[in-house]
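Written below as structure tokens is the structure these notes are about.
The values are calculated or read from the model by the stated rules, or taken from the named source; none is laboratory data. Predicted model only: the values in this text are computed from it and were never measured. Note: ideal-geometry Cβ built from the backbone for every residue, glycine included; neighbour counts use all protein chains shown. The accessibility values were calculated without ligands, DNA or RNA, using every heavy atom of the protein model including side chains. Shrake-Rupley method; radii C 1.70, N 1.55, O 1.52, S 1.80 Å.
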Amino acid sequence: MSRPLICLLTALIAGIIVGSYFPLSFYWLSTPAALILFLMLFSIRRNRLVAGFFLVIGFVFLLGIFNIQRQSYFFDDDRNILSYTDRGKVTLEGIVTESPIAYPDKNVLIVRSLRVVENEFYSPVSGNIRLTIPNDLNFRYGDFIRFHTTLKKIQNFKNPGGFNYERLMKMQGIYVSGFINNDSEIICLRKNIARGIKLKLDEFRLYLKKIIYKNSSSPQKEVIEAMIIGNQSGIPTEIRDNFAKTGTSHILSISGLHVGMVGATAFFFVFLILKYSEYLMLRFNIVKLAAISSFLMILAYALIAGMGITVMRATLMAFVFLLALLLGKQNDLYNTLAFAGLIILVISPEAFFDISFQLSFMAVLSIIYIVPRFSHFTVNKNTTAPLLMQSVIRYIYLMILVCAAATIGTLPLIMYYFNRVSCVTIIANLIAVPLLGTLSLALSMFCILFSLFSATIAGYFVQLASFSAQISICAINNLANLSWSAITVTKPNLMEIVLFYLLIFLIIELIDERKKEATNNKHSSFGFPLLKYSLLIAVLFFAADVTYLTLRDKLSAELKVTVIDVGQGNSTLVEFPGGKNMIIDGGGFPESSFDTGRAIVAPFLWYKRLSRIDTAVLSHPHPDHLRGLIYILNDFNVRQVWKSDLPMDLNTFPQWEKAVKSNRINIYRASGKSPEETFNGVRIKVLWPPEYSAKDFNNLSHEETNDSSLVLKITFGKISFLIPGDISSDIENRLVKSGADLKSDVLVVPHHGSSHSSSAEFIKAVACRYAVVSAGRSNVFKHPHPSVLQRYEKAGAKILRTDINGATAFKTDGHNLCVDTFIKNK
């Protein structure tokens, strides 16, 4: 077998996938592993190499299962910090193990916990904590701190299609989080107790940051900092979004591109210097000497960048390719890539689920598969163009080819993770990669070198890098501002991703086969027809899938209502028969930069294969209902917004008005006197609030704004849903006394289950079968209140909670009602 490493990599990946879904005890895993190991050694000794190779594959498969589950085998439940979660305020001591991550509204520390202080006694603990502190508090790597906080287990929001944040944190060994309100809850006991190279590197990074910020302006300084030091948190949101729109966001995070460019720059300059020495050329292999210097420069760059997970992976991959060059194996790129993948996944099996690893691996694989097949570009022999011009044309052609290959290889993954396809990615990368990813980065490397001797000289290189970055950022901004620069797409499923890669493979192989036939002047008796019919079948499957997705919602005759888990807030998706839809509120967190719309609601909508929202409803302008809607207004082609006459505080929510105006969204003022609306047989009636005059809005309190929430009743056939926002028991009683028809099968419990809502009279009038509470896990308001839950239980309603059951979906044909929750009851 010419490429055995590919088989081993496949076996390892299969083991990682199986191990991540099917936990096995150490005994059940070690027994077959020992047996396979014995048979493998026996087969090799008897010279049965084929059997031995298959046993090696089996052993690597079991290794993958073991690696992905190894933390559970050595997990100490008694001493782990997880045992202190949700137990109220605790006092802990630990060491800051990473450089603090600075955000506009907060700083984040990663703390290795050492002990818990209880009644003046110390209890040893282990595990890392993600500790959020105010941005005016400054701590550094190596500080020994004591803090007083409530620990919470890091968990995902419980919705289909959501990002697995819990797994991302586990990959970094972080299981719990804490929050510090002010400086009275945290103190530094000893500074810089850490020793060794990591502390020196952290000090050097701070020194570099000062040089960068002194000699550059925003946003260039934040971009350069991200490329050198690896800190992206300071990059303005608008710049980050523009890079995402143009498909160049990979330049902002240190990855294989940066490590490769650093290695290539070092290789080029060292090779150029060595070429001028005839003695060195005769005495040594200068290519290998240049490779060794490149190796050392990459290692230095990785250390300065902080040796994060993505940096380590990119460095390991670069080292493997350089090792192949030193060993003379550089021509077998597939085996080299497979070997790099093996090394990375054996050391860090969680990397398989990491976005950056998947994108980097597929980009490299696509380049080495596609580029050699189309790289034979020759200028017309009869051309009179100078040789330099011909070389430039060929270079541009190869650049476009590499960009196109990487784009094709990563397209399904970008659609899956980012739900966006850039229409200008090739143009943008042709500008950004040479200017920002190559020139600015190379100049930044000189800044690092000269900073060891003179901050002034290093500053000049920063200024040059900043100028190059400015040109690139300006071009990216202009491309991103084009109305057609990016297309929002829904999340493809696994079958569609596989089908896309199969289509690309068949098309390229068909072109390759056609070239061979043209070269040999003979027709293939088997290969070409097989590829042609396989491609035809794949295209038919693809067309059938597109047709199904196009007609699925339009032909639907059911009403679907899903209460989304947005934490301590509200958001409900309504899907009408015939394909139209409505989103009621978008969740949100007050005084937080966390975007609920971007991180929670949008991924759920993309999972549902929705790229357009017909109607967005804002029940009332409070952060836990409004903030998440802003992203939806900007990215989901919303047709109209329903809201009451309540005025919007533009100082608190300036982006709301901007989103409505820039997207030309119609505003419909809804009240209890609004006529009933019908969506393909589904009736929607606004029951509250009444029409207000302008003077009624003067100085409304927080509670009065809650009481002005839109109350919607949705009816389809015999089935009804009541969505009352955050109204209190006073408004509930007014609705009951008004004689309005409140009876509903499903009630989204008012005000997240607050003790000031859900009066006994209201519950009796609604007489719901299901009461859905939308509340955050262990929220500070203690919602839902136990007395409220007792009242619903006494009324015979089945209680469903987003903090326990996750997203709660109802489906009805107008007669029958089905319910499904994301977290199934065991």
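Some observations on this one:
- Of the set (1) in contact (Cβ under 8 Å) with a residue 24 or more places away in the chain; (2) within 23 Å of I347 (Cβ to Cβ), all apply to R112 but (1).
- In the range 798-813, the residues that are of a type in the set (D, E, K, R) and either over 17 Å from S571 (Cβ atoms) or touching a residue at least 60 places away in the same chain (Cβ under 8 Å) (or both): K798, D803, K811, D813
- In the range 645-750, counting only helices (runs of 4 or more DSSP H) that sit wholly within it, the ones holding 3 or more residues that are of a type in the set (D, E, K, R) and over 30 Å from E793 (Cβ atoms) span 654-662.
- F721 vs. criteria over 13 Å from S619 (Cβ atoms), over 41 Å from the mean Cα position of the chain (by Cα) and touching a residue at least 24 places away in the same chain (Cβ under 8 Å): no
- Test: residue in the range 762-773 that is surrounded by 19 or more Cβ atoms within 10 Å (Cβ to Cβ), in a loop (DSSP other than H, G, I, E, B), of a type outside the set (F, W, Y) and at pLDDT 95 or above: yes
- The set of residues in the range 635-644 being assigned to a loop (DSSP other than H, G, I, E, B) and not β-branched (V, I, T) consists of F636, N637, R639, S644.
- Top-ranked residue in the range 142-173 [being crowded, with 18+ Cβ neighbours inside 10 Å and polar (S, T, N, Q); ranked as farthest from I414 (Cα to Cα)]: T149
- Listed by first and then second residue, the pairs linking a residue in the range 768-797 that is free of Cβ contacts under 8 Å to residues at least 60 places away in the same chain to a residue that is surrounded by fewer than 14 Cβ atoms within 10 Å (Cβ to Cβ), with Cβ atoms under 6 Å apart and 6 or more places separating them unless they lie on different chains, are Y770/K798; R791/A760.
- The set of residues in the range 774-790 being open to solvent by 70 Å² or more (accessible area, probe 1.4 Å) and outside any loop (DSSP other than H, G, I, E, B) consists of P786, Q790.
- Taking the range 174-229 as the range and being surrounded by fewer than 20 Cβ atoms within 10 Å (Cβ to Cβ) and of a type in the set (F, W, Y) as the test, the residues that pass are F179, F204, Y207, Y213.
- Those residues of the range 77-120 which are polar (S, T, N, Q), open to solvent by 20 Å² or more (accessible area, probe 1.4 Å) and either in contact with a strand residue (DSSP E or B) (Cβ under 8 Å, 6 or more places away or on another chain) or within 19 Å of D202 (Cβ to Cβ) (or both), in sequence order: T85, T91, T97, S99
- Hits in the range 1-32 (condition: over 18 Å from S72 (Cα atoms) and either in a helix (DSSP H, G or I) or within 33 Å of the chain's Cα centre (by Cα) (or both)): P4, L5, I6, C7, L8, L9, T10, A11, L12, I13, A14, P32
- Pairs linking a residue in the range 135-160 that is under 22 Å from A599 (Cα atoms) to a residue that is open to solvent by 30 Å² or more (accessible area, probe 1.4 Å) and of a type in the set (V, I, T), with Cβ atoms under 8 Å and 6 or more positions apart or on different chains, are K158/I823.
- Filter result for F450 (in a helix (DSSP H, G or I), open to solvent by less than 60 Å² (accessible area, probe 1.4 Å) and of a type in the set (F, W, Y)): no
- For the range 100-133, a residue qualifies if it is more than 22 Å from N192 (Cβ to Cβ) and part of a loop (DSSP other than H, G, I, E, B), and the qualifying residues are Y103, P104, D105, K106, N119, E120, V125, G127.
- Contact annotation: residue pairs with Cβ atoms under 6 Å, 6 or more positions apart or on different chains, pairing a residue in the range 6-32 that is open to solvent by 40 Å² or more (accessible area, probe 1.4 Å) with a partner that is in a helix (DSSP H, G or I) and small (G, A, S), are I6/A338.
- Verdict on L35 being farther than 29 Å from L337 by Cα, open to solvent by 70 Å² or more (accessible area, probe 1.4 Å), modelled with pLDDT of 85 or more and over 25 Å from the mean Cα position of the chain (by Cα): yes
- Selection status of V433, open to solvent by 30 Å² or more (accessible area, probe 1.4 Å) and touching a residue at least 40 places away in the same chain (Cβ under 8 Å): no
- Restricting attention to the range 558-604, the residues that are without any contact (Cβ under 8 Å) to a residue 40 or more places away in the chain, under 25 Å from I154 (Cβ atoms) and open to solvent by less than 20 Å² (accessible area, probe 1.4 Å) add up to 3.
- Within the range 456-475, none of the residues are surrounded by fewer than 17 Cβ atoms within 10 Å (Cβ to Cβ), outside any helix (DSSP H, G or I) and out of contact with any Lys or Arg (no Cβ under 6 Å at 6 or more places or on another chain).
- Residue match in the range 68-88 (condition: at pLDDT below 90 and over 30 Å from E166 (Cα atoms)): no
- Every test in (1) open to solvent by 70 Å² or more (accessible area, probe 1.4 Å); (2) out of contact with any Lys or Arg (no Cβ under 9 Å at 6 or more places or on another chain); (3) part of a loop (DSSP other than H, G, I, E, B) is passed by L610 save one, and that test is (1).
- K245 satisfies every condition listed in (1) within 20 Å of N107 (Cα to Cα); (2) crowded, with 20+ Cβ neighbours inside 10 Å; (3) in contact with a strand residue (DSSP E or B) (Cβ under 8 Å, 6 or more places away or on another chain) except (1).
- Verdict on F679 being farther than 20 Å from P750 by Cα and modelled with pLDDT under 95: yes
- Residue match in the range 721-734 (condition: surrounded by fewer than 19 Cβ atoms within 10 Å (Cβ to Cβ) and of a type in the set (F, W, Y)): no
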